[in-house]
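**Student:** Take this structure first; my questions come after.
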Amino acid sequence: MSMTTERNPFVIGQWVRGEKFFGREEIITELLLGHRQAVWVAGLRRMGKTSLLREIERRVLQNSASPYLPLYWDLEGSANDGTLRESLLAALDETAGRLAVDKAWEALSTPEIIRKIQKAARQQEKTLFLLCDEVEALLTVAKDDPHLLGRLRRVMQASEGMRCILTATRRLARLETLDIAGSKADLAVETSPFLHGFTPPLYLSPLSEAEAQPLLQQAQFTIENQKMLLQLSGGHPFLLQILAKRTLENGAVDPAFESMQHDETLQNFFVVDYNTLQAEEKSFFSRCAESKVSVSATSASESMARQTLLALGMLCERDGLLQLRSPLFNTWLAAIRSEVTLTVTPSHATDLRTLRRGERIGAYEILHEIARGGMGVVYCGRDIHLQRLAAIKLLNPELMQDETHRARLLAEARAISQLQHPNIAMIYAVEFLGKAPCLCMEYIDGQRLDEWAQNKNLASRLEVARQTASALAAAHRIGIIHRDLKPSNILVRSDGVSKLLDFGIARQLNAANRLTSTGQTPGTLAYMSPEQVSNRDTDARSDVFSFGVVLYELVTGVRPFQGDYELALAYAIVNEKPTPPRELQPTLPKSLEELILRALQKNPTARLADGEEVLKELEKIR
């Protein structure tokens, strides 16, 4: 195949419209002419949701007879009414005078401004066509002010003077079950009706062969190569254009495809999309990757998962069999299942260079390396002034990618440093090596909880459990959530005193890597709560669940949830009930079994509320 890179017409990583926009005629017709005034368009990342809205905006503006006045509104980064208002006013500024902004609007709430825009559209004898992008931001808004979400729902759905389109990944479905406990609201407010008016969603599926053909003809690919490019990419517009671009650059399809198989950034996009799936969808997706699944052989419980995965474009049907739509998905899924962490190389990787004995970080002299992992590197150091040992935890600089992460890490470190709790490892100082933050902490000469527990009697194990619960209770009282409770973060000294490590650090790691990694090692995953596995917001009750896993293992010798690989383990955490502890260890007190099983409830509202309640129950068991 003879190819040239003189003209590469493919657009990567940017929204397109007009002559660069291909296909989507059926869904555009539905959104412009369909009977539904409020619609959620759901799709994978990079499926072209922004381009779809921009193309609709262009077509409406070019049609002088259109009854609509379009307004494209990007909600990305919005967290409350103030930031929503700012993004909406910015959207109005981009309308080139179609919608004039009154200075007084800056003092109004977001719902009030939308009503003002509706009125302005009516004055032009038009219906406002509100095109809302990156609507996952409403998950954060709902937590901050659920009352605001209700007001937005009323103005965006119930009004006859508006047509409203939302685009978002399926993460938005979490609005249906959002637990607003701990939010700023002073009473419970049901948020689920917001989406009821926008569902069922319309799915933005991959490009069909007919839709992809004119896109690929831009580079004059042969019909044979067009079919190969479409089959390898699965019709995903982002993957298709990257594959086409690299094919032109490499002169052949095979090396271009191979480069994509090992591209960590593309793998990360897949991981994010995969993590938006429900547990049953993940399980069914994995089953289709492992073996040939007949369309007619799916069970009733799998039917919804099948329909959703087909609509999203993650599965396809060929000759009556279900399979992953792109062979790239097989490669990336295999990487997840083999527990390969897919991470973007830190932009300041040199900050994590190996430190040698005698090097200094602030007042601390490096003695030797203790451990190295995904979070960073831990060294044993010495305070040159006080001559005491310290654990120097050099964290991944990606944790400081933005000021929010930096401020949160410092605030939580400051709060923990002031606790002075006997069962929490003290934080002496926070230093920086370039962009990499360093936590200088109390050095603990002890064993991991699981190693220490061997050959210990029940009374000794429960005493350490009470100490750990006391540490959690102290942190929960000041609003600090651990989020990474596991045996390796609990060290027990030879005198029987336990120390809980790494408060707050897991939260920063998760925030920094949420969009760029599979998330956790298998050891960490085993102790995660269902809401963590499902990538939902967490509070103290997530720590209670993790404590329940640790306690279960401490008194039975096995973990409550098992799986041969990561996906199976995650499914078990979210869906399966653990074996009652007394079936494994009949001599355990019944009250202890009841405490553990309550801590391991799938629904956070059914668990003990925080470490304080856990401690009170443990104190009753002697």
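The values are calculated or read from the model by the stated rules, or taken from the named source; none is laboratory data. Values in this document were obtained by computation on a predicted structure and should not be read as measured data. Please note: Cβ atoms are built from the backbone with ideal geometry, for glycine as well, and neighbour counts cover all protein chains shown. Side chains included, ligands, DNA and RNA excluded: accessible areas come from the protein's heavy atoms. Shrake-Rupley method; radii C 1.70, N 1.55, O 1.52, S 1.80 Å.
**Student:** Among residues belonging to segment 26-38 that are touching a residue at least 24 places away in the same chain (Cβ under 8 Å) and assigned to a helix (DSSP H, G or I), point out the one that is farthest from R163 (Cα to Cα).
**Tutor:** From segment 26-38, those touching a residue at least 24 places away in the same chain (Cβ under 8 Å) are 27-28, 30-32, 37-38; that's our starting set.
Those still in the list that are assigned to a helix (DSSP H, G or I) too: 27-28, 30-32.
Numbers: I27: 15, I28: 13, E30: 12, L31: 9, L32: 9 Å.
Taking the candidates together, the pick is I27.
**Student:** Pick from segment 70-83 the residues that are at pLDDT 95 or above and of a type in the set (A, V, I, L, M, F, W, C): which of them is farthest from E55 (Cα to Cα)?
**Tutor:** Within segment 70-83, the subset at pLDDT 95 or above is 70-73.
Okay, now just the ones that are also of a type in the set (A, V, I, L, M, F, W, C), so 71, 73.
Details: L71: 12, W73: 14 Å.
Only one residue fits best here, namely W73.
**Student:** Take residues that are crowded, with 18+ Cβ neighbours inside 10 Å and at pLDDT 85 or above and tell me which of the strands (runs of 3 or more DSSP E) falling wholly in segment 399-475 contain 2 or more.
**Tutor:** Details: elements: 427-433, 436-442, 446-448.
Passing ranges, in order: 427-433, 436-442.
**Student:** So, one more: Sort out which residues of segment 149-174 are crowded, with 20+ Cβ neighbours inside 10 Å, closer than 15 Å to S109 by Cα and among the basic types (K, R), and write them in order of number.
**Tutor:** R153, the sole residue that qualifies.
**Student:** Take the residues in segment 332-342 that are surrounded by fewer than 18 Cβ atoms within 10 Å (Cβ to Cβ) and not acidic (D, E); name whichever of them is modelled with the highest pLDDT. I'd like the intermediate steps shown before the answer.
**Tutor:** From segment 332-342, those surrounded by fewer than 18 Cβ atoms within 10 Å (Cβ to Cβ) are 334, 337-341; that's our starting set.
Applying the additional criterion that residues be not acidic (D, E) yields 334, 337-338, 340-341.
Working: A334: 85, R337: 68, S338: 61, V340: 37, T341: 37.
So the residue we want is A334.
Every residue, every condition in (1) touching a residue at least 40 places away in the same chain (Cβ under 8 Å); (2) of a type outside the set (K, R); (3) not in a helix (DSSP H, G or I), yes or no:
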position: L195; (1), (2), (3): yes, yes, no
position: P206; (1), (2), (3): yes, yes, yes
position: A212; (1), (2), (3): yes, yes, no
position: K227; (1), (2), (3): no, no, no
position: G235; (1), (2), (3): yes, yes, yes
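**Student:** Being of a type outside the set (A, V, I, L, M, F, W, C), surrounded by 21 or more Cβ atoms within 10 Å (Cβ to Cβ) and at pLDDT 90 or above: is that true of G376 here? First the steps, then the outcome.
**Tutor:** On the way: of a type outside the set (A, V, I, L, M, F, W, C): yes; surrounded by 21 or more Cβ atoms within 10 Å (Cβ to Cβ): yes; at pLDDT 90 or above: no.
No: the conditions fail for G376.
**Student:** Name every residue in segment 287-316 that is more than 24 Å from S208 (Cα to Cα) and in a helix (DSSP H, G or I), in order of residue number. Steps first, answer last, please.
**Tutor:** Of the residues in segment 287-316, the ones more than 24 Å from S208 (Cα to Cα) are 287, 290-291, 297-302.
Of everything in segment 287-316, those that are more than 24 Å from S208 (Cα to Cα) and in a helix (DSSP H, G or I) turn out to be R287, E290, A297, A300, S301, E302.
**Student:** Anything in segment 1-55 that is at pLDDT 90 or above, of a type in the set (D, E, K, R) and either under 27 Å from G251 (Cβ atoms) or over 24 Å from the mean Cα position of the chain (by Cα) (or both)? List them, or say none.
**Tutor:** R17, E19, K20, R24, E25, E26, E30, R36, R54, E55
**Student:** Can you name every residue in segment 585-615 that is surrounded by fewer than 16 Cβ atoms within 10 Å (Cβ to Cβ) and among the acidic types (D, E)?
**Tutor:** E594, the sole residue that qualifies.
**Student:** Being at pLDDT 85 or above and buried (at least 19 other Cβ atoms within 10 Å of the Cβ) is true for just one of E281, E258. Which residue is that? If you could, list the steps in order and put the result at the bottom.
**Tutor:** Details: E258 fails: buried (at least 19 other Cβ atoms within 10 Å of the Cβ).
After ruling out the rest, the residue left standing is E281.
**Student:** Scanning for something assigned to a helix (DSSP H, G or I), touching a residue at least 40 places away in the same chain (Cβ under 8 Å), closer than 22 Å to L152 by Cα and of a type in the set (V, I, T), does segment 39-46 turn up at least one residue? Before you say what the answer is, go through the steps one by one.
**Tutor:** The initial filter retains those residues of segment 39-46 that are assigned to a helix (DSSP H, G or I), namely none.
Looking for residues that are assigned to a helix (DSSP H, G or I), touching a residue at least 40 places away in the same chain (Cβ under 8 Å), closer than 22 Å to L152 by Cα and of a type in the set (V, I, T), one finds none in segment 39-46, hence no.
**Student:** Right, another one. Does L277 qualify as being assigned to a loop (DSSP other than H, G, I, E, B), under 24 Å from R170 (Cβ atoms) and of a type outside the set (S, T, N, Q)? Let's see the steps before the verdict.
**Tutor:** Numbers: assigned to a loop (DSSP other than H, G, I, E, B): yes; under 24 Å from R170 (Cβ atoms): yes; of a type outside the set (S, T, N, Q): yes.
It is true that L277 is assigned to a loop (DSSP other than H, G, I, E, B), under 24 Å from R170 (Cβ atoms) and of a type outside the set (S, T, N, Q).
**Student:** Here's a follow-up. In segment 122-148, how many are surrounded by fewer than 23 Cβ atoms within 10 Å (Cβ to Cβ) and either among the small types (G, A, S) or part of a helix (DSSP H, G or I) (or both)?
**Tutor:** Looking only at that region, the number is 10.
**Student:** Take the residues of segment 153-170 that are over 28 Å from the mean Cα position of the chain (by Cα) and assigned to a loop (DSSP other than H, G, I, E, B): which is modelled with the highest pLDDT?
**Tutor:** By that ranking, first place goes to G161.
**Student:** Scan segment 50-83 for residues that are open to solvent by less than 10 Å² (accessible area, probe 1.4 Å), more than 19 Å from Q123 (Cα to Cα) and touching a residue at least 60 places away in the same chain (Cβ under 8 Å) and report the count.
**Tutor:** Going through segment 50-83 one residue at a time, the tally reaches 6.
**Student:** On to the next question. Looking at the structure I just gave you, is R325 in contact with a strand residue (DSSP E or B) (Cβ under 9 Å, 6 or more places away or on another chain), buried (at least 19 other Cβ atoms within 10 Å of the Cβ) and at pLDDT below 90?
**Tutor:** Values: in contact with a strand residue (DSSP E or B) (Cβ under 9 Å, 6 or more places away or on another chain): yes; buried (at least 19 other Cβ atoms within 10 Å of the Cβ): yes; at pLDDT below 90: no.
The answer is no for R325.
**Student:** Is it the case that I370 is modelled with pLDDT of 75 or more, touching a strand residue (DSSP E or B) at 6+ places or on another chain (Cβ under 6 Å), over 30 Å from L618 (Cα atoms) and open to solvent by 70 Å² or more (accessible area, probe 1.4 Å)?
**Tutor:** On the way: modelled with pLDDT of 75 or more: yes; touching a strand residue (DSSP E or B) at 6+ places or on another chain (Cβ under 6 Å): yes; over 30 Å from L618 (Cα atoms): yes; open to solvent by 70 Å² or more (accessible area, probe 1.4 Å): yes.
Taking the combined requirement at face value, the residue satisfies it.
**Student:** Within segment 93-113, how many residues turn out to be part of a helix (DSSP H, G or I) and of a type outside the set (A, V, I, L, M, F, W, C)? First the steps, then the outcome.
**Tutor:** Within segment 93-113, the first condition is being part of a helix (DSSP H, G or I), and the residues that meet it are 93, 103-107, 110-113.
Checking which are of a type outside the set (A, V, I, L, M, F, W, C) leaves us with 93, 103, 106, 110-112.
Looking only at that region, the number is 6.
**Student:** Has segment 88-97 got at least one residue that is more than 18 Å from F194 (Cβ to Cβ) and in contact with a helix residue (DSSP H, G or I) (Cβ under 6 Å, 6 or more places away or on another chain)? Can you show your working first?
**Tutor:** Start the filter on segment 88-97 by keeping residues that are more than 18 Å from F194 (Cβ to Cβ), which leaves 89-97.
After this cut, where a residue has to be in contact with a helix residue (DSSP H, G or I) (Cβ under 6 Å, 6 or more places away or on another chain) as well, the list is none.
Within segment 88-97, not a single residue is more than 18 Å from F194 (Cβ to Cβ) and in contact with a helix residue (DSSP H, G or I) (Cβ under 6 Å, 6 or more places away or on another chain).
**Student:** Can you tell me which of M314, M304 is surrounded by 22 or more Cβ atoms within 10 Å (Cβ to Cβ) and not basic (K, R)? It would help to see each step written out before you state the result.
**Tutor:** Details: M304 fails: surrounded by 22 or more Cβ atoms within 10 Å (Cβ to Cβ).
Testing whether each residue is surrounded by 22 or more Cβ atoms within 10 Å (Cβ to Cβ) and not basic (K, R) leaves just M314.
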